[in-house]
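Heads up: the structure comes next, in structure tokens.
The values are calculated or read from the model by the stated rules, or taken from the named source; none is laboratory data. Predicted model only: the values in this text are computed from it and were never measured. Counting neighbours? That spans all protein chains shown, and the Cβs are built from the backbone with ideal geometry, glycine included. What goes into the accessible areas is simple: the full protein's heavy atoms, side chains included, and nothing from ligands, DNA or RNA. Shrake-Rupley method; radii C 1.70, N 1.55, O 1.52, S 1.80 Å.
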Amino acid sequence: MKILVSDSLSEEGLTILRESGFDVVVDTGLSEDQLVEKIKGVDALVIRSGTQVTARVIEAADQLKIIGRAGVGVDNVDTEAATKKGIIVSNTPDGNTLSAAEHTCAMMMAVARNIPQACASLKSEKWERNKFMGVEFNKKVLGVIGLGRIGAEVAKRFQSFNMTVLGYDPFVSEERAKSMGITLTTVEDICRNADFITVHTPLTKDTKNLINADMFNVMKPTARIVNCARGGIINEEDLVEAVNSGKIAGAAIDVFVEEPPFASGLIKSDKIIVTPHLGASTVEAQVNVAIDIAHEIISVLNGEGAKSA
Ligand code: NAD
Ligand code: MLT
């Protein structure tokens, strides 16, 4: 059976697939037209976030049994079209949790202390100690929107900085939040009261533009916001306006509506720190997700069913 790997995958995962006797073809950077051609005769497709598995691609697939996402978000797959055709869409929900949580912490610290801007300034031979005044986390309020795997790990880490954590997640009970030391409240209440806000939801019709101009209008001028989840949960134009007009103090963004975001105002503002979707980019996370997805693919192709679909 043939497996097409259309985004980069750690060697550990590729080895497991090859040693199981499958014909593994790695072909990255394909356009939709190219993928429509290459998907013919393929039994399993392995992707990360780069490949867009559209209805056209799924329509062209003639023996595809599983689309395996080495990572969490399956928003780059037309899951409805796949389900209609009986194709399993599977992900690796745990493998990159800690890396994404740690990157969120790094972004929060960077935006609190202006680290990228100060680094760039010193490298251009300026010594601007007054320009880069930061803020502490101690006794501040953190708002976490989405209290799943990553949100919970982020909350835990910032509690050790002596922060009070407010949370919003319609699928988390008061008891569960209490056990994590988090006070559940509304998105608007978080926006009014938090000094730092971080979003950790999937991108759905309910979370798209969840943080928009109305929410920026009630935030503190000292508030800072982080998005290491999915582009579009925070409305990008409204964020640029809020930061540039001084409605909030800064933002740190890892994910974008369009990637790469070369046309976005987000990469032009000095007060917005950006990284190129690096949340899961650690050696450990990439090995984890590659191994997890390889086992999932083998299980499905051997007729043993999916574990995380
Ligand atoms: P998860 O499924 O464990 O948690 C998501 C949480 O969001 C759940 O608790 C769910 O109840 C909650 N949620 C759903 N709808 C909501 C809504 N309308 N309002 C508030 N909460 C809502 O997922 P996770 O592993 O924690 O991942 C979170 C996000 O991070 C996903 O979007 C994922 O794709 C993204 N992610 C990004 C990177 C990266 O490289 N930047 C890496 C890993 C994951
Ligand atoms: C994910 O959803 O897992 C992330 O976007 C990470 C990735 O695709 O590398």
According to a simple spin-label model (label point 7 Å from Cα along Cα-to-Cβ), what is the distance in nm between Ser8 and Arg192? 4.6 nm
Probe 1.4 Å, heavy atoms of protein chains only: per residue, the accessible area of the chain in Å² is 48 Å²
Region 1-63, Cα convex hull volume normalised per residue, Å³: 66 Å³
What's the longest uninterrupted piece of the chain once you rule out the chymotrypsin sites (Phe, Trp or Tyr not before Pro) that are loop residues per DSSP with at most 14 other Cβ within 10 Å? 1-126
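Output the relative contact order of the chain, whole-number percent, from Cα pairs under 8 angstrom with separation of 6+ residues. Write down the numbers at each step before the final one.
On the way: 617 pairs, mean separation 58.9, N = 309.
Once normalised by length, the contact order is 19 percent.
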Can you tell me which of Asp169, Asp27, Asp43 moves the most in a GNM of the chain? Springs connect C-alpha atoms under 10 Å apart. Asp27
Taking only C-alpha pairs under 8 Å that are 6+ residues apart, what is the relative contact order of region 231-309 in percent? 24 percent
Selected from Pro93, Val42, Ser124, residue furthest toward positive end of dipole (the chain; charges at beta carbon): Ser124
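Sorting Lys271, Lys208 by accessible area (1.4 Å probe), largest first, what list results?
Numbers: Lys271 85, Lys208 130 Å².
From most accessible down to least: Lys208, Lys271.
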What nm distance separates the two modelled labels at Lys205 and Ile115, each placed 7 Å from Cα along Cα→Cβ? 4.0 nm
Relative contact order of region 155-309, pairs being alpha-carbon contacts under 8 Å that are 6 or more residues apart, as %: 15 percent
Measuring from the longest principal axis of the C-alpha atoms of the chain, the long axis of helix 283-301 (C-alpha) lies at a number of degrees, nearest 10, equal to 30 degrees
To the nearest 10 square angstrom, how much accessible area does Lys85 have with a 1.4 angstrom probe? 90 Å²
³J(HN,Hα) across region 241-252 via Karplus (A = 6.51, B = -1.76, C = 1.60, θ = phi - 60°), whole Hz, x for Gly/Pro? 5, 5, 6, 5, 8, x, 5, 9, 8, x, 8, 9
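On average, how much area does the Cα convex hull of region 1-124 cover when viewed from any direction, in nm²? Before the final figure, lay out each step's value.
On the way: hull surface 40.0 nm².
Taking a quarter of the hull surface, the average projection is 10.0 nm².
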I'd like the accessible area for Met180, computed on protein heavy atoms only with a 1.4 Å probe and all protein chains in place. Round to 10 Å², please. 30 Å²
Region 204-309, accessible surface, carbon-and-sulfur percent (1.4 angstrom probe): 54 percent
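So what's the convex hull volume per residue for the Cα atoms of region 191-297, in Å³? Don't skip to the end; give the middle numbers.
Details: hull volume 12.8 nm³, N = 107.
Hull volume over Cα atoms, normalised by residue count, gives 120 Å³.
Between Lys126 and Glu59, what FRET efficiency comes out of the Förster formula 1/(1 + (r/R0)^6) with R0 = 51 Å and r the beta carbon distance, rounded to 0.05? Let's see the in-between values first.
On the way: r = 56 Å, r/R0 = 1.10.
Calculated transfer efficiency: 0.35.
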Calculate the all-directions average of the projected area of the chain's alpha-carbon convex hull, and give it in nm². 17.1 nm²
Do the sum for the chain: with -39,500 (n - 2.57) for every DSSP H run of n ≥ 4, divided by all residues, what is the mean residue ellipticity at 222 nm, to the nearest 500 deg cm²/dmol? -10500 deg cm²/dmol
Let me know the volume per residue of the alpha-carbon convex hull for region 53-120, in Å³. 116 Å³
